[in-house]
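The values are calculated or read from the model by the stated rules, or taken from the named source; none is laboratory data. Computed from a predicted structure; not experimentally measured. Positions of Cβ are generated from backbone atoms using ideal geometry, with glycine treated the same way; all protein chains shown enter the neighbour counts. Calculation scope for accessible area: heavy atoms of the full protein, side chains included, ligands and nucleic acids excluded. Shrake-Rupley method; radii C 1.70, N 1.55, O 1.52, S 1.80 Å.
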Amino acid sequence: MDESPLLADLNPPQREAVAATEGPVLVVAGAGSGKTRVLTYRIAHLIRDRGVSPYALLAITFTNKAADEMKQRVASLVGGVSRGMWVSTFHSACVRILRREAPRLGYRSTFSIYDDLDARRAVEYCVRDLDLDPKRFPPKALAAAIGKAKNELIDFESFAAQGSGPYHERVADVYRLYQQRLLEASAMDFDDLLMVTVELLGAFPDVLEHYQDRFRYLLVDEYQDTNHAQYRLVQMLGAKHRNVCVVGDSDQSIYAFRGADIRNILEFQRDYPDARVVVLDRNYRSTQTILDAANAVISHNLGRQPKHLWTDLGKGDPVTVYRAQDEHDEAAYIAEEVGSLGDAGIPPSGIAVFYRTHAQSRGLAEILVRSGVPYQVIGGPRFYERREVKDVL
């Protein structure tokens, strides 16, 4: 059989990951190694070369933006037939399942979805109606504790049984009342979307079998950032056909604070002893100097799959470290560097400044405004556009 033209566009490890369509596959994809390319080509290979119906595929991405990008890239390879395929986030896929199946658990099919603000307000009302001190029982902290429990698939009864003492009992009371009110309002919060779907699949074998037969091939991106509820969903849906392909990198796991469990990717081979493991270690984005620096830092991680990123883009410029005296000195140095890059002909759109938290944007914004350097804050409002700052001004 002639090799598919699709595979000719890939490097050897990418080709292996795309061609291994049957059975469990773990793709350990280093930064900039073309993992999105692997996922899209794998989908295209299944549809175009293996004759798999797009309806039999479920591709899970981390964000809606990534899902839209993947749909477009798959469509460019296989055409309009890809429209019938589910490419979505975990939450979006769960909503589609629940709109059809939630009445089995006492919800309307038109159930409401509470965002984080709605959920926190509902918790505030529960704290108030239980006559609890909001200073001792901050609604924000309680909402986070409830969300963490749901991500671990712990319902309010199990939560109550897991601890003791007056404080834990009160938190369990809030969780119980909050969940009761959600059901009465036929509403779910974001964490419910996952937990209720797992409950549904566990309680109704016919529903589980329907979706197992519907989705014969599962593809999951950013697997290192899945939480326990998401892990259980993948495990349940893939149990029958076992065509589960997960792509991720334990060195890029950053969402532990949201309940992500890095053990999901580290222990994939324990869950699937026959899994094929493919390592993508060729980087297409950075120079070797940057990769050497990254490899040196990453090598200290205790829980990781062995991997050493490399590139053929050349050695590149050395990495520069500047130790600033304070945030103003740091911002001034950055503005100076941006100015030098501008003089060298690099447009502002070709320069990115990364910082750890949005609170650090203030010093940068002040200096850049003063220096007349145009800038755009990605992922958050400019410091002077924040509501509280505008109120003060």
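Tabulated data
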{"quantity": "Some residue of the range 224-233 being buried (at least 22 other Cβ atoms within 10 Å of the Cβ), modelled with pLDDT of 95 or more, among the polar types (S, T, N, Q) and in a helix (DSSP H, G or I)", "calculated": "yes"}
{"quantity": "Condition check for Gly34: on the phi > 0 side of the Ramachandran plot and in contact (Cβ under 8 Å) with a residue 24 or more places away in the chain", "calculated": "yes"}
{"quantity": "Condition broken by Arg128, with the remaining ones in (1) in contact with a strand residue (DSSP E or B) (Cβ under 6 Å, 6 or more places away or on another chain); (2) open to solvent by 50 Å² or more (accessible area, probe 1.4 Å) satisfied", "calculated": "(1)"}
{"quantity": "Total residues in the range 323-353, condition among the acidic types (Asp, Glu) and in contact (Cβ under 8 Å) with a residue 12 or more places away in the chain", "calculated": "2"}
{"quantity": "Check on Thr36, under 20 Å from Thr226 (Cβ atoms), open to solvent by 20 Å² or more (accessible area, probe 1.4 Å) and of a type in the set (S, T, N, Q)", "calculated": "yes"}
{"quantity": "Residue tally, condition surrounded by fewer than 14 Cβ atoms within 10 Å (Cβ to Cβ), charged (D, E, K, R) and farther than 17 Å from Met85 by Cβ, over the range 198-218", "calculated": "2"}
{"quantity": "Pick from the range 274-308, criterion open to solvent by less than 30 Å² (accessible area, probe 1.4 Å) and within 22 Å of the chain's Cα centre (by Cα), ranking: nearest to Gly32 (Cα to Cα)", "calculated": "Asn283"}
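Here's the yes/no breakdown for (1) in a loop (DSSP other than H, G, I, E, B); (2) among the hydroxyl-bearing types (Ser, Thr, Tyr); (3) in contact with a Phe, Trp or Tyr (Cβ under 7 Å, 6 or more places away or on another chain); (4) in contact (Cβ under 8 Å) with a residue 12 or more places away in the chain:
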{"position": "Gln212", "(1), (2), (3), (4)": "no, no, no, yes"}
{"position": "Ile265", "(1), (2), (3), (4)": "no, no, yes, yes"}
{"position": "Ser286", "(1), (2), (3), (4)": "yes, yes, no, yes"}
{"position": "Thr289", "(1), (2), (3), (4)": "no, yes, no, yes"}
